[in-house]
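Heads up, the thing below is written out as structure tokens.
Please treat every number below as a calculation from the coordinates, not as lab data. Keep in mind the model is a prediction, meaning the values are calculated, not measured. Cβ placement follows ideal geometry from the backbone for every residue including glycine, while neighbour counts extend to all protein chains displayed.
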Amino acid sequence: MLRHFFPSLAPYRNDAYWGLIFLALAVCGLLIYRRLTGLGEDRKRMGKLALFLVLTAGPLGDLSSRAVNMFYAPSEEWSLQLWLEGFVTKGTHTYHAAMVLPILAWIAYIKLAKLDFWLIFDVIMLYFPLGHAIGRVGCLAAGCCFGEHVDWRVAGMHYDYKNPVPLYAVIGNTALYLVLSRIFRRSYEGSARTRQGGAVAGTYFVLYGLMRFCFELIRTEPVLVLGLTQAQLVMCAFMALGALLLVFGPRRRDAGAGSPVPT
């Protein structure tokens, strides 16, 4: 994208990409801290939590993403050697794969620190789409993750370009963040109501899973099985996980505004 509209900035597109990734982590860490302390959580403990989230997201996300590089190859080529080669080399960075190890580490931290699990997990997931939107601006800058080639004519005008999927992702994730913000306010910051732990996280997994599944229809990713790409298979799991959280998440009738849902 930079090389087309701002040719002089093209040499810096990778720097812009990683700069925006780190900006997303810093912004989300700060917002998570402010939201939790605003709900009455201890500032010192939340400061440690936010720092842990920011410092582990990058390295654990990188390891988690490397672990699935093999699955971009045809299934008949899968082997331990191919997996090791994909893990050792940086290969392709995949957002949904990069979520796995960080989330597991964060869950372990929340449990070991004996924090309010559902409140904190929902706050973390609330800011996932916002951070993702910022990161996808980096994809636009770097020119990666674009979709299929588009060539069409309208009213005598000829349009020839690659589908700007990162732009759609920025718009979609921003809209998703606004939806989750409303759900969070109703669940944790409203007046007396039945509070449901995991409502934000569950909604995120369902809606993001559906959105990314649709984006794959215009991306150029290899098909693995059943006519589905790697991301589409994972998104089916995301949507199933989200549905489970929405159905079985703990509920409590609470008369106090801002009271956390018990773990």
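As an exercise, identify the trypsin sites (Lys or Arg not before Pro) in segment 23-126 lying in DSSP coil whose Cβ has no more than 10 other Cβ atoms within 10 Å.
For trypsin sites (Lys or Arg not before Pro) across segment 23-126 that sit outside H, G, I, E and B with at most 10 neighbouring Cβ atoms in 10 Å, the list reads K114.
Under 30 Å between alpha carbons: how many lysine pairs meet that in the chain, if sequence neighbours fewer than 8 apart on the same chain are excluded?
Working: K44/K111; K44/K114; K48/K90; K48/K111; K48/K114; K90/K162.
Total qualifying Lys-Lys pairs in the chain comes to 6.
Can you tell me how segment 38-151 classifies by the Cα gyration tensor, rounded, prolate or oblate, using a/c under 1.5 as the rounded cut?
Verdict is oblate for segment 38-151.
So what's the back-of-envelope 222 nm ellipticity for the chain, counting only DSSP H runs of four-plus at -39500 (n - 2.57) apiece and dividing by all residues, rounded to 500? Don't skip to the end; give the middle numbers.
Details: 11 runs with 165 residues, N = 263.
Helix contribution divided over all residues of the chain: -20500 deg cm²/dmol.
Using Cα pairs under 8 angstrom and six or more residues apart, how large is the relative contact order of the chain, in percent?
It comes to 21 percent, rounded to a whole number.
Within the chain, which complete DSSP H helices have Cα atoms spanning at least 30 Å along the helix axis and a mean Kyte-Doolittle hydropathy of 0.5 or higher?
13-38, 165-188
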